[in-house]
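A short write-up of the structure that comes next.
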Amino acid sequence: MSNQINSSSGRPRSIHADQAILQASLDLLAEVGYQSMSIEAIAARAGVGKTTIYRRYTSKEELVADAIESLRDDSAIPDTGSFWGDMDIVIKNATKKIDSPLGRQTLALIISTASSNPEFAKVYWTKYTKLRREAFAKVLERAKSRGEIHNEADIDLIIDLMSGSLYYALIFKPTSEPVEAYMRRTMNLLMKGVGIGDEGDEDTEAGGQRSRGAEEQRGE
């Protein structure tokens with residue numbers, strides 16, 4: 001197998017160099033922190049020239065964001081036809097990846113680096129976090145279209161609360177139950193507030209109809 005891939009400019013690009021740059025960035029991030037690391041130090045550690053890095057990345061922020069993201073492996077957002085069918089898969093995949101030594105290390109790197117560097121936070125948000133939120137939002141939008149949650153439900157806030165609960169559970173371990181079970185319980189509570197039936201309801205469409213009927217009785 002070739003160790004070269006073509007860049008967008010048509011120049012051959014070394015996969016080995018790509019990997020060395022990302023690993024050097026992670027090593028220095030762990031050793032000296034974001035503020036103290038430099039492109040020069042990354043290049044020296046990776047055994048490449050600075051121009052090799054600048055052909056790939058426009059800034060240190062972009063490079064570090066890609067380096068951290070190289071530790072993660074995204075899964076496609078499912079479409080099972082029901083909210084809880086989708087959420088079971090989303091929660092299982094998310095906790096499986098992040099509730100591990102590598103997952104916790106990745107989360108710690110993101111939080112510590114973003115907290116100390118607003119520019120990095122902006123880059124990481126634009127390249128990665130925003131896209132994940134948009135994918136998760138599709139699950140909630142589909143639930144709205146099926147009548148499983150209220151049309152006025154604040155999707156962005158639901159995502160914020162779920163993300164915050166996941167990070168809290170991973171960092172502080174507020175309960176002895178598995179993180180996956182904790183997140184299902186958290187989502188179930190949130191969904192009760194926006195009109196969906198309990199996770200155990202087999203007929204989610206009926207749950208949505210009951211919610212709409214309750215709204216009509218209240219005159220909404």
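Which residue, of PHE172, PHE136, is within 15 Å of ILE98 (Cβ to Cβ) and at pLDDT below 90?
Of the residues listed, the single one that is within 15 Å of ILE98 (Cβ to Cβ) and at pLDDT below 90 is PHE172.
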remark   = Expected single match for surrounded by 18 or more Cβ atoms within 10 Å (Cβ to Cβ), of a type in the set (A, V, I, L, M), under 16 Å from ARG72 (Cβ atoms) and without any contact (Cβ under 8 Å) to a residue 24 or more places away in the chain among ALA108, ALA114, ALA94 is ALA114
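Would you say LEU157 is among the hydrophobic types (A, V, I, L, M, F, W, C), at pLDDT 90 or above and part of a helix (DSSP H, G or I)? Reasoning before the result, please.
Values: among the hydrophobic types (A, V, I, L, M, F, W, C): yes; at pLDDT 90 or above: yes; part of a helix (DSSP H, G or I): yes.
Considered against the rule, which asks whether it is among the hydrophobic types (A, V, I, L, M, F, W, C), at pLDDT 90 or above and part of a helix (DSSP H, G or I), LEU157 comes out as yes.
Report yes if ALA121 is at pLDDT 90 or above, of a type in the set (Gly, Ala, Ser) and either surrounded by fewer than 14 Cβ atoms within 10 Å (Cβ to Cβ) or over 26 Å from ASP27 (Cα atoms) (or both), otherwise no.
Criteria not met by ALA121.
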One residue from ILE42, ILE5, ILE68, ILE77 being at pLDDT 95 or above and either of a type in the set (Val, Ile, Thr) or part of a loop (DSSP other than H, G, I, E, B) (or both) = ILE42
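Taking the condition assigned by TED's automatic domain parsing to the domain that holds ALA181, over 24 Å from SER38 (Cβ atoms), β-branched (Val, Ile, Thr) and out of contact with any Pro (no Cβ under 6 Å at 6 or more places or on another chain), does ILE77 pass? Full working, then the answer.
Numbers: assigned by TED's automatic domain parsing to the domain that holds ALA181: no; over 24 Å from SER38 (Cβ atoms): yes; β-branched (Val, Ile, Thr): yes; out of contact with any Pro (no Cβ under 6 Å at 6 or more places or on another chain): yes.
For ILE77, the condition - assigned by TED's automatic domain parsing to the domain that holds ALA181, over 24 Å from SER38 (Cβ atoms), β-branched (Val, Ile, Thr) and out of contact with any Pro (no Cβ under 6 Å at 6 or more places or on another chain) - is not met.
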request  = Report yes if some residue within region 146-153 is crowded, with 18+ Cβ neighbours inside 10 Å and in a helix (DSSP H, G or I); otherwise report no.
outcome  = no
request  = For region 51-91, enumerate the residues that are surrounded by fewer than 17 Cβ atoms within 10 Å (Cβ to Cβ), among the small types (Gly, Ala, Ser), under 28 Å from TYR168 (Cβ atoms) and touching a residue at least 40 places away in the same chain (Cβ under 8 Å).
outcome  = SER70
ask   = Residue check, ILE158 against (1) crowded, with 17+ Cβ neighbours inside 10 Å; (2) in contact (Cβ under 8 Å) with a residue 60 or more places away in the chain; (3) not polar (S, T, N, Q), all met but one. Which one?
value = (2)
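The values are calculated or read from the model by the stated rules, or taken from the named source; none is laboratory data. Just so it is clear, the model here is predicted, and its values are computed rather than measured. Backbone-built Cβ (ideal geometry, glycine too); neighbour counts: all protein chains shown.
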